[in-house]
Amino acid sequence: MSDEPKPPLPGEVVGLNENGPIMDQVTTLVDPLKVFVKDSVRLVKRCTKPDRKEFQKIAFATAIGFGIMGFIGFFVKLIHIPINNIIVGS
């Protein structure tokens, strides 16, 4: 008898053993997810809640940013209305 592998039978799924190519594909998909979960858990454990002073500083900076962006939008709209009326010609 020869030592050649037998051809698969009709309907037999090839490559489902532990050392087959399908297991390698599963491993390549699962390993990055494991690393991501491990890093995420470490990040959440190291995060701390801001104290009142830090929170007020962040809220104040955010409010200033919103105000600046609002004024920029207002002035752009203020300049755009007369230019649009000149171009369209009411």
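The values are calculated or read from the model by the stated rules, or taken from the named source; none is laboratory data. The structure displayed is predicted, hence computed values, not measured ones. Positions of Cβ are backbone-derived with ideal geometry, glycine not excepted, and every protein chain shown enters the neighbour counts. Ligands, DNA and RNA are stripped out before the accessible areas are found, and what is left, the full protein with its side chains, is counted by its heavy atoms. Shrake-Rupley method; radii C 1.70, N 1.55, O 1.52, S 1.80 Å.
Summary table
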quantity: Potential lengthening between Val88 and Leu33 on full extension [0.36 nm per residue; Cα-Cα distance subtracted]; calculated: 14.2 nm
quantity: Leu29 accessible area, 1.4 Å probe, all protein chains in place, Å² to nearest 10; calculated: 120 Å²
quantity: Cβ-Cβ FRET estimate between Leu78 and Gln56, R0 fixed at 41 Å, reported to 0.05; calculated: 0.80
